[in-house]
Amino acid sequence: MLIKKPPAWRMPEREATPEAVFYNRRRFLNSIAGGAALLAGGALVSGARAAAGDPSAGRYPAPRNLRFRLDRELTDEADAGTYNNFYEFGSHKRISEAAQALQIRPWTVTFDGMVEQPRSVGIDSLLQAMQLEERLYRFRCVEAWSMAVPWTGFPMRALLDFARPLSSAKYVVMQTFNDAKMASGQKQFWYPWPYTECLTIAEAANELTFLVTGVYGKPLPKQFGAPLRLATPWKYGFKSVKSIVRFQFTDQRPVTFWEKIQPQEYGFWANVNPKVAHPRWSQAEERVLGSDNKVPTLMYNGYAEQVAGLYTGMAGEKLFM
Ligand SMILES: Nc1nc2c(c(=O)[nH]1)N[C@H]1C(S)=C(S)[C@@H](COP(=O)(O)O)O[C@H]1N2
Ligand SMILES: [Mo]
């Protein structure tokens, strides 16, 4: 029998985050921000550092948009902040310390390709033009681990309005910085740097598509992809490109970073589907970061109601890898 479940963001608040825990942790962090250097290693230090040196720190915490809720507990900040994929700083999960070499000011973001007028703006001018909000989102890596995080940022819809693409543009290509002096992982020449991802304009304009500038109520710590990264919660995590410097509009679909490396395993669409296995492992379940729990993976990572319509009539495409 089919049971119609309410969408995740309509779940009652009591099923969402234990907010008291989250807010108390934040207050604690704010109170120690000045003395952060006393603590050794880990996400707490990085989070406090991010807040301390960041000209946008005054924008946090941003108001939470209650339309985007969770049916599971938020991942502990220390777990999310010490288990990262950011190949620019190493091809393993413990890059959070190495990623502190990332220089996030000055930071220029370029809009070019099929736009009315190409331009480059400093990240702080871009942030000034945007209204920040907090959203609780699920996150599912293609490697079958998952987390639930409170991102702060702005809808990509607002960035499209800012960039003013031509109506003939079909895709938005997003690129990470390319600087092997700063990011030693980029000395590994066999990877096709810079990290490149892409969405269709319709995907980019979807209400869920979010540009992230902060997390856990503070500016984004470097290992999460400061100062600007993508969040597309219905897609596998590799679509969420970090530390973006360029939005290029085009009518040609590019070959993205992971697609170039391993096209049989990582496709363009990368929508989450528990029924379509990765060639080397099942996608039916996911390990919840910070615990040994395994939970079933949901179609479109639980966001089918918002995004399934983007893919009607596309049965010939490899939508789920
Ligand atoms: N530039 C860049 N962006 C990236 C990656 C990367 O290696 N480099 N890894 C991707 C992958 S595979 C995942 S799972 C997420 C991890 O995000 P997190 O470290 O904030 O959890 O970032 C994605 N974005
Ligand atoms: Mo990933």
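The values are calculated or read from the model by the stated rules, or taken from the named source; none is laboratory data. Remember, it's a predicted structure, so these values are computed and weren't measured experimentally. When we count neighbours, we look across all protein chains shown, and the Cβ atoms used for this are built from the backbone with ideal geometry, even at glycine.
Structural remarks
- Of residues in region 222-252 being more than 13 Å from the chain's Cα centre (by Cα) and polar (S, T, N, Q), the one nearest to ligand 2 (Cβ to nearest atom): Q248
- Here T256 meets the list (1) closer than 24 Å to R67 by Cα; (2) within 16 Å of ligand 2 (Cβ to nearest atom); (3) in contact with a Phe, Trp or Tyr (Cβ under 9 Å, 6 or more places away or on another chain) almost entirely, failing just condition (1).
- Lone qualifier among A80, A98 - being surrounded by fewer than 21 Cβ atoms within 10 Å (Cβ to Cβ) and within 13 Å of ligand 1 (Cβ to nearest atom): A98
- Residue check for R157: within 16 Å of ligand 1 (Cβ to nearest atom), under 20 Å from T209 (Cβ atoms) and surrounded by 14 or more Cβ atoms within 10 Å (Cβ to Cβ): no
- Residues satisfying the stated conditions in region 125-154, i.e. away from ligand 1 (no atom under 13 Å from the Cβ), touching a strand residue (DSSP E or B) at 6+ places or on another chain (Cβ under 8 Å) and polar (S, T, N, Q): Q131, T152
- Residues located in region 248-263, provided they are within 13 Å of ligand 1 (Cβ to nearest atom), among the hydrophobic types (A, V, I, L, M, F, W, C) and surrounded by 21 or more Cβ atoms within 10 Å (Cβ to Cβ): F257, W258
- Figure legend. Inter-residue proximity from region 229-243: first residues within 14 Å of F177 (Cα to Cα), second residues within 9 Å of ligand 2 (Cβ to nearest atom) and aromatic (F, W, Y), beta-carbon distance below 7 Å, spacing 6+ or different chains. No pairs are indicated.
- Scanning region 201-221 turns up no residue that is within 16 Å of ligand 2 (Cβ to nearest atom) and surrounded by fewer than 23 Cβ atoms within 10 Å (Cβ to Cβ).
- The residue list Y266, Y300 contains one member that is hydroxyl-bearing (S, T, Y), in a loop (DSSP other than H, G, I, E, B) and surrounded by 15 or more Cβ atoms within 10 Å (Cβ to Cβ), which is Y266.
- So V245, is it surrounded by fewer than 20 Cβ atoms within 10 Å (Cβ to Cβ), part of a strand (DSSP E or B) and not polar (S, T, N, Q): yes
- Against the criterion of being within 16 Å of ligand 1 (Cβ to nearest atom), under 10 Å from the mean Cα position of the chain (by Cα) and either modelled with pLDDT of 95 or more or basic (K, R) (or both), L211 qualifies.
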